[in-house]
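Heads up, the thing below is written out as C-alpha cells.
Readers should treat all values here as calculations from the given coordinates under stated rules, not as data from a laboratory. Computed from a prediction, not measured in an experiment: that's the story for all the values here. Positions of Cβ are backbone-derived with ideal geometry, glycine not excepted, and every protein chain shown enters the neighbour counts.
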Amino acid sequence: MNQDVKTTDTVPVAPPPPSRLRTFLASDIVYSWQRQPVVIIATLVTLTMFAGALFAPWIAPQNPFDPRQLELIDAFTPPLTTSDFTGNFYLLGSDSQGRDVFSAILYGSRISLLVGFAAVLFALALGTALGLMAGFRGGWRDALIMRIADVQLTFPSILMALLIFGVIRGFLPRSMHAEVAIIVLIVAIGLSDWVQYARAVRGATMVEKGKEYVQAARVIGLPDHRILFQHILPNVMRPVLVIGTIGLALAIIAEATLSFLGVGMPATQPSLGTLIRVGQDYMFSGEWWILLFPGVALLLLALSVNLLGDWLRDVLNPKLR
Amino acid sequence: MLAFLIQRVLQAIFVMFVVALISFSLFHYVGDPVLNMLGQEATEADRAALRAQLGLDQPVVVQFWQFVINAAQFEFGISYRSARSVSDLILERLPATLELAIISAIFAVVMGIVLGIYTAIQRGSWLSKFIMTASLIGVSLPTFLIGILLIYLFAVELGWLPAFGRGQVVDLGWWNTGLLTASGLRSLILPAITLGLFQLTLIMRLVRAEMLEVLRTDYIKFARARGLSKRVVNLRHALKNTLIPVITIIGLQLGTIIAFAIITETVFQWPGVGALFITAVRFVDVPVMAAYLMMIALVFVVINLVVDLLYYAVDPRLRVQGGGK
Amino acid sequence: MSSTPSSGEHNAAAVAGHEPGAAGQKPVLSVRQLRVEFPTRHATLVALDDISFDIAPGEVLGVVGESGAGKSMIGNAVIQLLEPPGHIAGGEVHLSGRRIDDLAEEDFVPLRGRHIGMIFQDPLTSLNPLFSIGDQLIETLRTHLPIGEKQARERALALLTEVGIPAPETRLDSYPHQFSGGMRQRVVIALALAAEPELIIADEPTTALDVSVQAQILALLKRVCAERGAAVMLVTHDMGVIAETADRVAVMYAGRLIEIGPVNEVIRHPQHPYTVGLMASIPGLAKRRERLYQIEGAMPRLAAIPTGCAFNPRCPHAAERCRTERPELLPVGGSRAACWLHDPENPLPRRDTLDTRQGEPALDSPGETAR
C-alpha cells in the first residue's frame, strides 16, 4: 500500500503530458476512494438511489402521480403484503390513498434529486456570473454585488429560501401554485445559495486577473469576454465545483425541509419531504411504514451524498479542510 | 477602536434598511393589500377610502418612510388571514419561540463546548472518535428528520415525553411560560434537543478544531514547561484562547437557532412565531411575513453587534490598543 | 574524575559518555545513551542517537548544530515535552541523581518549572496573550511554592526587578503585547526562574531578538543563573553566543553528539572534522581567512543517515572503517570527539590538509569520498 503512495507521488516529477496528468489525477482519486470503506458504501448507496430515481418509471409497480393507478381499496396495506382485493404486492406497504410506498419513494427521490441538481446548477451559474463580474470589473458592480451578498449572508439560507419562495408565490396566481411548485422551489433554493459561489469566484478571479497571462492577453487587445471565458473561467472552476459537491447535499436537504414544512412540493406530486410530512400523521396510528421508509430513504440519500461531497472536497482541495 | 464600532453600527443600520426595503416591497408589490383586506365584494369607494387611510395614495417614498416609522413602533398592520393585528399575533407567540430558542442555545453551547474540549484533549480515545462520527451524521441529517426520529423513539415507542405542543403554560400577564410546570418542561425537552443538535455539532467541531490549534502553540508548551498542571493548561490557558474566535461563530449560530425554530416548531406543533411564519408563507400573508422578516433581521443585527462588543471585552489585545510601549 | 550517578550503570558503554563535571561535583543533569525516535508511516526516524553528557551545578553547557541536527530535541526530551509521536526510546536521564526519564506524565509535571526551567526561542509567542504577565507569574509561583496571593505578587515584583523590567509595579498588570520582544524575553526568563529550578534549558533564547538586545539577554541569563547556581543547557546554532556564554560545548550532527569539551578547547582545537569545518565557516572565529570555508554537501535527513559515522560522506578523511563502524566519543586533547582519527589504538591517518592550524582546506577532495 505504501509503495503505491510512493509511485503516485513520484509521477509529477517528470513532466507528464496533459492526458497523463488527467490519468494521474484520476488514479489519485481512485486510490483515496479505495482506502475508505465508508466512502465506498456512500458511493454505492448514492448510485443505487440515483439509478432508482432515474429508472423509476421502469422499476416502480405504479405511477404514484397518476390517480387512476391508485387502488383506494388497498389503502394502508402493510409492507410485504399481497392485497386480498387487487392482488397487488406492496413491498413497503401503501398509504391512505392506496399509493405504493416503494413507488412513491422512487418517484419522490426523482423529484428530490431533480430539484437538488437544478438548484445547485442555478446557484452555481448565477454565483459564478456575478462573481466573475464583481472580480473582473470591480468598481460599483463589485461593491453592489458584495453588499447584497453580505446582507444575504446575515440570514441562514433556509430562511432565505422560505422568503423567496413566499415572495414568488405572492406574485403568482393561486391556481398556478401546484403546477409551478417545482420551478419555484428550484429558484428559491438556488437564489438562497449563490453567495458562496460568487465569493469564491470573485476571489479567484481577482487573483487570476493579476497574473501575467491575463495582463498579456489585455496588452494584445483580446476582448474582455474572451479573456473572461477562455482564460479566467477555466481557472476559477475548481473551487466552484468543490462548493457544488457539498451544495448538492445541502440543496437536497433544503428541498426536503421546505416540502416537509408544506411550502414545497404538493401532496399530489410528493418529494421525499412531502412523503415524510404526510407520513407523520400516521406515526401514532400504527401505519409506521408510511413514515419510516421515506424517512430512511431521505436519511440514506442525505448522508451518503454529504459523505461523498466531503470526501470529494478533501481530494480535490485539501486546503479547504 | 471606536471607529470599528461605528463602522459596525453603520453596517447594522444598512442591513436593517435593506431588509425594510424588501419588506416594504412585499407590501407594495405582492398582491393588493386593499383587495386582501376588504375582499372582492367591497365597493370602489370603500377601497379608495381604505387606500387613503392606509396612505397608499401617497408617493412611494412617503409610503416607505411611513412603513419604517411604523416598523420602528412595531406596527405592521392587520394579518390578511386572521384579520388580527400582526404585532398582537407575534407578541402572543413570541414567548414560546424565545423559551425554546434560549433553552436550545444553552444546550447547544454548553454541550458543544464541553464535547469540543473533550474530543480535543482526548483526541485518540474511542469515545472521541464515536462522538466525531456521530456528529458527522448529525450535520448531514435534516433537522425535521431528527425531530421525527426523537418523537418516534421517546414519545411513540417509549412514551416518556410528549410528542407535540407546549404542555401546560402559566400566564404571567406580559409573558406566558412553560418553564414553571412539569408538563411544560417535559414538552420542552425534545424540541430543544432537536433545535439545538445541529448547532451543537457545529460548535463542538469548531471548539475542537480551534482547541487543537491552540494546544500546538508555543505559549501552551511554555505553560507546560512552567509546570502548570494539565488541568490548568487545558482549562485555563487553552480554553480561554480557544473561546475567543469561537464566540463569533457561536453568536451567529444563536441567530440561526431562532430561524431554524421554524422547522422545529412545525415538527412539534409548537405554538411559536416560526409556525406563524410558515402559515404566512403558505397563504401569502404579507404583513406577517414582513413583520417576521424585520424581527429576525433585528435579532441578527443585534446579535452581531453584541458579538463584536463581547470580542472587544474579552481580548486584551483589542481592549488596550495603543496602550503599550 | 568523579561522578556519573551510580544508579543504573549496567550499561558498560556508559564509559564512553563518562564526562567529568566542571569542578568534579555531582552533576545536576546526567544524560546517558539517550535515544529519541519518531515512528512514521514509512520508518522509525532516530532523532537522537546515543547521547550522553553531564552538566555540573552552575555550569553552562552550549549545544550547537545545524537546524535539524537534533539540538532542540535534547532539551525537549529532558523536560519530556517531545511532540508526539516522538518519544524516548532508550537511555537514561538523571536529575540531581534521580532518574526522571521513566516517570509518568503526572509525576513529571511537578518537576517542570520547579526543578527544570525552560526558555523558548520566541518570546512573542511564549506568553499567553490573554493573561497579564502578573497573572502568569503568580500562577507559576503558586503552582510550585506554598505561598499566598499577596506573597506571590511581591515575589513576582522582585523577579521582574531582577530581570530588569523598569517600574515593575506598573507593568505587572500589563499584557504581553504591551512589551517589546526583549522585555518579553526578560519576562520569560523571570517565569522560567520563578521557582528556582536547578536546571535551565534555554532553547535559542536570543535567536528571535534584535542583535542589539541579544547580548543584554544573554548577560542577564548568565547572571541570574550564576546567582542561583543553576546549571544551564544553552541550545543555539550561533557559535558566537556559545563562545560568549558557555563553559563547555557539545556539537550535534544528524542526531548524534560528535564532540564535547571546554569552549576554548573546542573553538581553538576542534577535533572532529565536522567541528573543524564548522569553526572554519564562522566569520568571527575563522582567523582572517581570505574566504569562509564551506563544508561540502548537506547534513543527511533523519530518514537517510549513512551507516558508520554519519559525517562520512562529507568527510575529507573518511576511510572504509568510517562507513561501517560508528565511532564513540574518544578523548583527545581537552575534549572528546566521535572520530576514528582519535582512536588511541589505531588512529585513522589524515587524508589531506583540512585542519584549521594548517590553513586553507582543500575544497576539491571531499567530493571524491562522497561518491
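A few remarks follow.
- Charged-residue dipole, Cβ positions (Lys, Arg, Asp, Glu), chain B about Cα centre, Debye nearest 20: 2200 debye
- Positive minus negative residues near residue A:144 (Lys, Arg vs Asp, Glu; Cβ under 15 Å): +3
- Helix B:86-121 and the longest principal axis of the C-alpha atoms of chain B enclose an angle of approximately 10°.
- Rounded to the nearest 20, the size of the Cβ-charge dipole of segment C:33-246 about its Cα centre is 460 debye, with Lys and Arg at +1 and Asp and Glu at -1.
- Net charge in the neighbourhood of residue C:237 (other residues with Cβ under 12 Å of its Cβ; Lys, Arg +1, Asp, Glu -1) is -3.
- Computed from Cα positions, the angle between helix B:182-215 and the longest principal axis of chain B comes to roughly 50 degrees.
- Cα gyration tensor category, rounded, prolate or oblate, for segment C:33-246 with a/c compared to 1.5: prolate
- Selection among C:131, C:234, C:185 by position relative to the dipole of segment C:33-246 gives C:131 as farthest towards the positive end (Cβ unit charges, Cα centre).
- Net dipole in debye of the protein assembly as shown [+1 Lys, Arg Cβ; -1 Asp, Glu Cβ; about Cα centre; nearest 20]: 1360 debye
- When chain B is treated as a Gaussian network with alpha carbon springs shorter than 10 Å, the biggest mean-square fluctuation among B:147, B:167, B:116 belongs to B:167.
- Lysine pair number, Cα distance threshold 26 Å (strictly under), the protein assembly as shown, separation 8 or more or different chains: 18
- Of all DSSP bridge pairs formed entirely within the protein assembly as shown, close to 65 percent run antiparallel.
- Neighbourhood net charge (10 Å Cβ-Cβ; Lys/Arg +1, Asp/Glu -1) for residue C:124: -1
- Computed [θ] at 222 nm, deg cm²/dmol, chain C (DSSP H ≥ 4; -39,500 (n - 2.57); rounded to nearest 500): -8000 deg cm²/dmol
- Computed from Cα atoms, the angle from the helix B:2-29 axis to the main principal axis of chain B rounds to 40 degrees.
- Ratio of the Cα radius of gyration of segment C:124-189 to 2.2 N^0.38 Å, where N counts its residues: 1.01
- Distance from segment A:234-292 to segment B:43-95 (C-alpha centre basis), Å: 35 Å
- Residues A:128, A:82, B:264, B:194, ranked from the fewest to the most other C-beta atoms within 10 Å, line up as A:82, A:128, B:194, B:264.
- Dividing the radius of gyration of the alpha carbons in segment B:193-325 by their Kirkwood radius gives 1.15 for Rg/Rh.
- The GluC sites (Glu not before Pro) of segment A:161-262 that meet both conditions, a loop assignment by DSSP and at most 15 other Cβ atoms within 10 Å of the site Cβ, are A:179.
- Shown here for segment C:168-266: trypsin sites (Lys or Arg not before Pro) in loop regions (DSSP other than H, G, I, E, B) with at most 16 other Cβ atoms within 10 Å, of which there are none.
- Of the residues C:61, C:199, C:330, the one that moves most in a GNM of chain C with alpha-carbon contacts below 10 Å is C:330.
- Tail fraction, Cα-Cα pairs, the protein assembly as shown, threshold 39 Å, whole percent: 60 percent
- Label separation (residue B:102 vs residue A:36): 4.2 nm, computed from points 7 Å beyond Cα along the C-beta direction.
- Largest GNM mean-square fluctuation among C:45, C:95, C:221, using chain C with Cα springs under 10 Å: C:45.
- Positive-end residue, the protein assembly as shown charge dipole about Cα centroid, Cβ charges, pick of B:251, B:28, B:62: B:62
- Gyration tensor verdict on chain B (Cα atoms; rounded if a/c is under 1.5, prolate if a/b is larger than b/c, oblate otherwise): oblate
- Which of A:167, A:146, A:194, positive extreme of dipole for segment A:132-229 (C-beta unit charges): A:146
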